[in-house]
Amino acid sequence: MDTVFGEALSLIFSGDKEVFFIALTSLRFSLVSSLIASIISIPLGILLHFYSFPFKRALVSILHALMALPTVVIGLLVFSFISRSGPLGSLDLLFNPSGIIIGQVILASPILTSLVYSGLSKLDPRFHETLITLGARKTDILRASLSEAKFVIISAVLAGFGRVIGEVGVSMMLGGNIRWYTRTMTTTIALETSKGNFELGLSLGLILMTVALLINGTTHMLVKPEV
């Protein structure tokens, strides 16, 4: 085991091209999908908090349930749309980086929306009441609320990024795990470990674990002021 661990570290510190290409590919896919999901989900979370409408509670419950949706289920649903026989088959999105990003956006969006909504809902009710008493307009209340909850919103984005960079089902089903093209850290770990190539799998696992620790540490630091 010590030999395998040493060889895994050697792959990292020697700057192995394939290891770093796979790691950077995972980061690129996750960053793009997290950005798109944030653009969609943060406004939705804000709307859910500030506006009342029929079936709002049911919608919030569905969003919370979708947070636990298995990645292979999302991969299967997106696959049925972008495969050759699907309605979007002509766009050639299957086994393509775009297909992975679409799946990851769908995976991250319920998480981001739910966390933004929950974070805004935890604001002290007296905060809004004070602003209204001082004669603040709706736009002023919105701006002040977002400023007050900025750490929670950033933490939600980091949580979404952590979810997509660690998923395997979407990337495997929609990307095809194609070497030097759509292969990510999680799909490579699954493939190489099954082939007995523990060194490559472990090296990527160490990189993935480091990224996860950085995300968790950053989230803890951001949320700490709110505690």
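The values are calculated or read from the model by the stated rules, or taken from the named source; none is laboratory data. Note that this is a predicted model, so its numbers are computed, not measured. Cβ coordinates were reconstructed from backbone atoms using ideal geometry, including for glycine residues, and neighbour counts include every protein chain displayed.
Being modelled with pLDDT under 90 and among the hydroxyl-bearing types (Ser, Thr, Tyr) narrows it down to one of Ser80, Ser85, so name that one. Break it down stepwise before answering.
On the way: Ser80 fails: modelled with pLDDT under 90.
Every option except Ser85 fails the conditions.
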**Asked** Of all the residues that make up region 168-227, how many are in a loop (DSSP other than H, G, I, E, B), in contact with a Ser or Thr (Cβ under 8 Å, 6 or more places away or on another chain) and over 26 Å from Ile82 (Cα atoms)?
**Response** 0
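Looking at region 20-34, can you tell me whether even one residue there is farther than 30 Å from Leu200 by Cα, among the hydrophobic types (A, V, I, L, M, F, W, C) and touching a helix residue (DSSP H, G or I) at 6+ places or on another chain (Cβ under 9 Å)? Please lay out each step first, then the result.
Going residue by residue through region 20-34, those that are farther than 30 Å from Leu200 by Cα are none.
No, region 20-34 contains no residue that is farther than 30 Å from Leu200 by Cα, among the hydrophobic types (A, V, I, L, M, F, W, C) and touching a helix residue (DSSP H, G or I) at 6+ places or on another chain (Cβ under 9 Å).
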**Asked** Between a first residue in region 18-35 that is closer than 12 Å to Phe161 by Cβ and a second residue that is of a type in the set (S, T, N, Q), which pairs have beta carbons less than 6 Å apart while being 6 or more apart in sequence or on different chains?
**Response** Ser26/Thr184; Ser33/Gln104
**Meets criteria (modelled with pLDDT of 95 or more, surrounded by 14 or more Cβ atoms within 10 Å (Cβ to Cβ) and of a type outside the set (Val, Ile, Thr)) for Ser33** = yes
**Item:** Filter pass, Ser85 being more than 22 Å from Ser155 (Cβ to Cβ), in a helix (DSSP H, G or I) and free of Cβ contacts under 8 Å to residues at least 24 places away in the same chain
**Value:** no
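So if I check each of Val164, Val152, Val157, which one is in contact (Cβ under 8 Å) with a residue 12 or more places away in the chain, within 17 Å of Ala108 (Cα to Cα), in contact with an Asp or Glu (Cβ under 8 Å, 6 or more places away or on another chain) and not hydroxyl-bearing (Ser, Thr, Tyr)?
Numbers: Val164 fails: in contact with an Asp or Glu (Cβ under 8 Å, 6 or more places away or on another chain); Val157 fails: in contact with an Asp or Glu (Cβ under 8 Å, 6 or more places away or on another chain).
After ruling out the rest, the residue left standing is Val152.
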**Request:** Taking Ser109 as the residue in question, decide whether it is in contact with a Ser or Thr (Cβ under 8 Å, 6 or more places away or on another chain) and either more than 28 Å from Gly166 (Cβ to Cβ) or in contact (Cβ under 8 Å) with a residue 60 or more places away in the chain (or both).
**Result:** yes
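Given Ser203, Ser194, Ser147, which one is more than 29 Å from Gly45 (Cα to Cα) and without any contact (Cβ under 8 Å) to a residue 60 or more places away in the chain? Quick ask: steps written out before the conclusion?
On the way: Ser203 fails: without any contact (Cβ under 8 Å) to a residue 60 or more places away in the chain; Ser147 fails: more than 29 Å from Gly45 (Cα to Cα).
Just a single option satisfies the conditions, and that option is Ser194.
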**Message:** Looking only at residues that are touching a residue at least 12 places away in the same chain (Cβ under 8 Å) and either within 16 Å of the chain's Cα centre (by Cα) or part of a loop (DSSP other than H, G, I, E, B) (or both) in region 45-69, which one is surrounded by the most Cβ atoms within 10 Å (Cβ to Cβ)?
**Reply:** Gly45
